[in-house]
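Written below as C-alpha cells is the structure these notes are about.
The values are calculated or read from the model by the stated rules, or taken from the named source; none is laboratory data. Note that the structure is predicted; figures quoted are calculated from it, not measured. Cβ placement follows ideal geometry from the backbone for every residue including glycine, while neighbour counts extend to all protein chains displayed. Protein only, heavy atoms only, side chains kept; ligands, DNA and RNA dropped before computing areas. Shrake-Rupley method; radii C 1.70, N 1.55, O 1.52, S 1.80 Å.
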Amino acid sequence: MANPPKKSAKRPEPELSPKMFVVPALLMVVKFFKLDFTQYVPQLRAGYACAVALTVLTTLMCGQLAQKKQEEGEVTVKEKNYENITIEKKFTVADYDQREAVSKVRALCFQVAMTSFMHYKWGSPMPLLFQCVMLPMNLADEPLVKIHVFGAKAEGKLARPFAKPPNPLADALGVNPDADDAVARKPSSKKDD
C-alpha cells in the first residue's frame, strides 16, 4: 500500500509583478540585439552610483520623516536573539521605522559590495546595468517609501511590523525559521550510580 501524501499547511501563492520580468526581458533584448555595454562602463558606474545614492538618501529620509511625524502607537516585533530564542520587543512607530531604514541601508551595503565584486572580478558591465534599473524600481515598492514619501496609510500590507519577504531556500529545505531551537537544547542531567 502506498503512503498517502503528507498534508502541509497551505503556503500563500507568490504574487506576480511586472517587476519580476524586467531583468530577464532586459537580458533578452541585450542578447537579441547583441548590444555591447563595455564601451559605456564609466557611464554605467556613474549611473549605479547615482542609483545607490538615491536609494540610500531616500531610505534615510524616510527614517527622518518618521522621527519628525512622531506617530502614536507601539509596534511589537518578534526577533531571535543570539541563542536562537524568539523574544518580543516593543518600539514606538518612529523608532521602528528608523530601525527599518537603517536595516535597509545595511542590506544595500552588502548588495553594493556583491555587485561591485562581480563587476570587478569578471569585468562585466551587466550587473551595473541591472542594478541601475532595479534599485529605483525596488525603492518604489518599499513600505517605508510608500508610507512616508507617497503618503499611503499603514494598513493591510503596509501594516507594521512589515512582513519579511519569503525565503525560498528555507521553503525548499523545509526549515521553519520561526521555530525556536532553544527547546531542543535543554541540558541533560546525569546521575552517578
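Ligands, DNA and RNA excluded, the heavy atoms of V56 present near 40 Å² of accessible surface to a 1.4 Å solvent probe. Taking Rh as the Kirkwood radius computed over C-alpha pairs, what is the Stokes-Einstein D of segment 54-179 at 10 °C in a medium of viscosity 1.306 mPa s, expressed in µm² per second? Estimated via Stokes-Einstein, D reaches 96 µm²/s. Shown are I147, I85, whose ranking by accessible area with a 1.4 Å probe and every protein chain present, most to least, is I85, I147. Working from the Cα coordinates of segment 12-104, the gyration tensor eigenvalues give, after taking √(5λ), semi-axes of 38, 20, 14 Å in decreasing order.
Which translational diffusion coefficient, to the nearest whole µm²/s, is obtained for segment 25-71 from the Stokes-Einstein equation, given a Kirkwood hydrodynamic radius over C-alpha pairs, 25 °C and 0.890 mPa s? The diffusion coefficient I find is 182 µm²/s. Near the amide H of K80, within less than 5 Å, lie the amide hydrogens of I87, all on another chain or at least 5 residues away, with H placed in the peptide plane.
Whole-percent P(r), segment 71-132, all Cα pairs, 5 Å bins from 0: 4, 15, 15, 14, 13, 10, 10, 11, 6, 1.
Loop-located chymotrypsin sites (Phe, Trp or Tyr not before Pro) across segment 73-140 with a Cβ neighbour count of 14 or fewer within 10 Å are Y82, with loop assigned by DSSP.
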